[in-house]
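The block underneath contains the structure these notes are about, expressed in structure tokens.
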Amino acid sequence: MRRPVVGVIGNAHRIENRFTVQMVGERNLRAVAEVSGAVPLMFAGSPEITEVSALLDVVDGVVLTGARANVHPTRFNTEPCAAHEPYDIHRDDVALALSEACVARGVPIFGICRGLQEMNVAFGGSLHPEIREIPGRMNHRMPRLENGEIHPDPTVVFADRHDVALTPGGAFAKILGRETIRVNSLHGQGILEPGKRVVIEGIAEDGTIEAIRIADAPGFALGVQWHAEYDPQRNPINRALFEAFGDALRERRRAA
């Protein structure tokens, strides 16, 4: 059987503040290739050059990756604020439509960080632009040095930072074989109100929503707030998730 193909969404970026590009972090591509056993295919997060229905005709699954840009607040009826920029409204267009289309067609979809947030908004949920500002919440943003710069050591940036309690008997507990896991944390925005079909399956120590599934989805439709693409070749939690995603891809291909 041919290896399945996974569409990995791109992010708008400017090189040298002059050249507009679409980019994907290599960790995402390697996780798909080396752990899910699929061929990663980057597609543009721009509705002008990416047609959702055509894309889903050629891929066996989709990964909505993390990104620096926040989902635009108007997507969940909130006024935008300059303090919460940057935004990537074109990726919003594609990712939200894809979330609904993948679920409707039974195409496996895996949302990571921003991807989880996009899935929530696509099904009518809302986000908080700075989850750490909610009373009782921890700072979920990536570690920084005393001078404010991002820590240069990726093992520090992506280190496990808090526990997540999983729903007993839920999809994540079944995949991971446990009800408590420990994960990294590199986000500012987070789920405020879950969407109508969004089922919460993982909650951090401070109440932050960390894992979701889409109710009644005919295929794999899971999202995580942490960066599961980090070292899934060795991290047992992240590895199990990408392996389960790969199993869903192959199951769909066999059924096609």
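The values are calculated or read from the model by the stated rules, or taken from the named source; none is laboratory data. Quick caveat: nothing in here was measured; it's all calculated off a predicted structure. Positions of Cβ are backbone-derived with ideal geometry, glycine not excepted, and every protein chain shown enters the neighbour counts. To get the accessible areas, we keep the full protein, side chains included, count just its heavy atoms, and leave off ligands, DNA and RNA. Shrake-Rupley method; radii C 1.70, N 1.55, O 1.52, S 1.80 Å.
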Next on the checklist: Report the Cα centroid-to-centroid distance between the range 84-146 and the range 201-256 in angstrom, as an integer.
Outcome noted: 15 Å
Checklist entry - Could you give the dipole magnitude of the range 1-146 about its Cα centre, charging the beta-carbon of Lys and Arg +1 and that of Asp and Glu -1, in debye to the nearest 20? => result 440 debye
Item to check | Inter-label distance, nm, simple model (7 Å from Cα along the C-beta direction), ASN139/ARG182 | outcome: 2.1 nm
Next on the checklist: Is there a quick way to get the dipole size of the range 3-253? I mean about its Cα centre, with the Cβ of Lys and Arg at +1 and of Asp and Glu at -1; what is the value in debye to the nearest 20?
Outcome noted: 440 debye
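Ranking request for peptides 159-165, 63-69, 80-86: highest mean number of other beta-carbon atoms within 10 Å first, then the rest in descending order. Write out the running numbers ahead of the final one.
Details: 159-165: 17.1, 63-69: 23.4, 80-86: 10.7.
Most protected by this proxy first, the peptides run 63-69, 159-165, 80-86.
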Next on the checklist: Just want the answer: with Cβ charges of +1 for Lys and Arg and -1 for Asp and Glu, which residue in GLY246, GLY170, ILE200 is farthest toward the dipole's positive end in the range 3-253?
Outcome noted: GLY246
Checklist entry - How big is the gap, in Å, between the Cα center of the range 1-77 and the Cα center of the range 163-197? => result 23 Å
Checklist outcome for this item: Options (i) 8; (ii) 29; (iii) 18 for percent of Cα pairs over 35 Å apart; the value derived from the coordinates is listed as (i)
Checklist entry - How much of the DSSP beta bridge set in the range 4-123 is antiparallel, as a percent to the nearest 5? => result 30 percent
Next on the checklist: Calculate log10 I(q)/I(0) of the range 109-256 for q = 0.17 Å⁻¹, where I(q) comes from the Debye formula with a single equal point scatterer on each Cα and nothing for solvent.
Outcome noted: -0.97
Checklist entry - Taking the DSSP beta bridges in the chain as the whole, what percent of them are antiparallel, to the nearest 5? => result 60 percent
Item to check | Accessible area (Å², per residue) of the range 1-105, counting only protein heavy atoms and a probe of 1.4 Å | outcome: 51 Å²
Item to check | Carbon/sulfur fraction of accessible area - the range 3-253, other protein chains in place, 1.4 Å, % | outcome: 50 percent
